[in-house]
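J.: Take a look at this one; I'll ask things after.
The values are calculated or read from the model by the stated rules, or taken from the named source; none is laboratory data. Keep in mind the model is a prediction, meaning the values are calculated, not measured. Cβ atoms come from the backbone with ideal geometry, glycine included; neighbour counts cover every protein chain shown.
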Amino acid sequence: MNNALLKQEIPEAIAATELAHSQDEKERFRVENKDSANWCLRKMRALKAEIEENARIAQEEVERIQQWLQDVNTPLERSIQYFEGLLAEYHIKLYAEDPKQKTIKLPHGTLKMRAQQPEFIRDDEKFLEYLRRSGRTDYIEVIEKPKWGEYKKVVEVAMDGKTVVDTQTGEIVEGVRAELRPPKFSVEV
């Protein structure tokens, strides 16, 4: 179905929806046969296409605004970095003369010099091997997790609709219960 035909469906679909909300239960439209079901599906297809088009247009605008924001903020951020560099150079000079001057308070802000912990760059595979070799396995974390995807193949729901039973052992499975759900309805257009 081409876009022009889809567009024609939208006003009729919206009008039908609004009319249904204003009518009482006895008078409202009902799906009675394949033709009326197909009519509903045609309307839904047109509405979903319109939603997708709206989302595409909105995304283009978001991208355009994000590009504008980046364009106007880049020179501002570059200037901030320049001034931070000047202030850092000034503060480092004062700190070298007097290591007690870790903080300098000024009317429009504060300059601070703080020691930092070192950054550790790890290769976890090599590090784990080192811990195993040196017998430091107390520093190795072992994560236990049930393999539910495999185990659920050997369980079934008991007659009460809640109890889960291991079909291989006949035992009631602790920590798992079933919750029966009605069939799921969906529409593909």
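J.: For the range 15-47, name all the residues that are modelled with pLDDT under 85 and within 20 Å of GLU188 (Cα to Cα).
T.: Matches in the range 15-47: THR17 only.
J.: Select from the range 143-189 the residues that are assigned to a loop (DSSP other than H, G, I, E, B), of a type in the set (A, V, I, L, M, F, W, C) and touching a helix residue (DSSP H, G or I) at 6+ places or on another chain (Cβ under 9 Å) and list them in ascending order.
T.: Once the filter is applied, which keeps residues that are assigned to a loop (DSSP other than H, G, I, E, B), of a type in the set (A, V, I, L, M, F, W, C) and touching a helix residue (DSSP H, G or I) at 6+ places or on another chain (Cβ under 9 Å), the range 143-189 yields VAL187, VAL189.
J.: Same structure, new question: Assigned by TED's automatic domain parsing to the domain that holds LYS43, part of a loop (DSSP other than H, G, I, E, B) and touching a helix residue (DSSP H, G or I) at 6+ places or on another chain (Cβ under 9 Å), is that true of GLN101?
T.: yes
J.: Between a residue in the range 38-51 that is closer than 14 Å to ALA15 by Cα and of a type in the set (Lys, Arg) and any residue that is surrounded by 14 or more Cβ atoms within 10 Å (Cβ to Cβ) and modelled with pLDDT of 95 or more, which pairs come within a Cβ distance under 6 Å, given they are 6 or more apart or on different chains?
T.: Filtered contacts from the range 38-51: no entries.
J.: Regarding the range 135-142, can at least one residue be identified that is on the phi > 0 side of the Ramachandran plot and in a loop (DSSP other than H, G, I, E, B)?
T.: So far as the range 135-142 goes, yes, one or more of its residues are on the phi > 0 side of the Ramachandran plot and in a loop (DSSP other than H, G, I, E, B).
J.: Continuing with this model, one more query. Working only within the range 114-138, note down all residues that are of a type outside the set (A, V, I, L, M) and surrounded by 10 or more Cβ atoms within 10 Å (Cβ to Cβ).
T.: PHE127, GLU129, TYR130, ARG132, ARG136, THR137
J.: Then there is this: Hey, PRO75 hits all of (1) in the same structural domain as ARG42 (by TED's automatic domain parsing); (2) surrounded by 10 or more Cβ atoms within 10 Å (Cβ to Cβ) but one; which does it fall short on?
T.: Here PRO75 clears every test but (2).
J.: Looking only at the range 52-66, decide whether some residue is among the hydrophobic types (A, V, I, L, M, F, W, C), more than 24 Å from LEU5 (Cα to Cα), in a helix (DSSP H, G or I) and modelled with pLDDT of 95 or more.
T.: The answer is yes, given that some residue of the range 52-66 is among the hydrophobic types (A, V, I, L, M, F, W, C), more than 24 Å from LEU5 (Cα to Cα), in a helix (DSSP H, G or I) and modelled with pLDDT of 95 or more.
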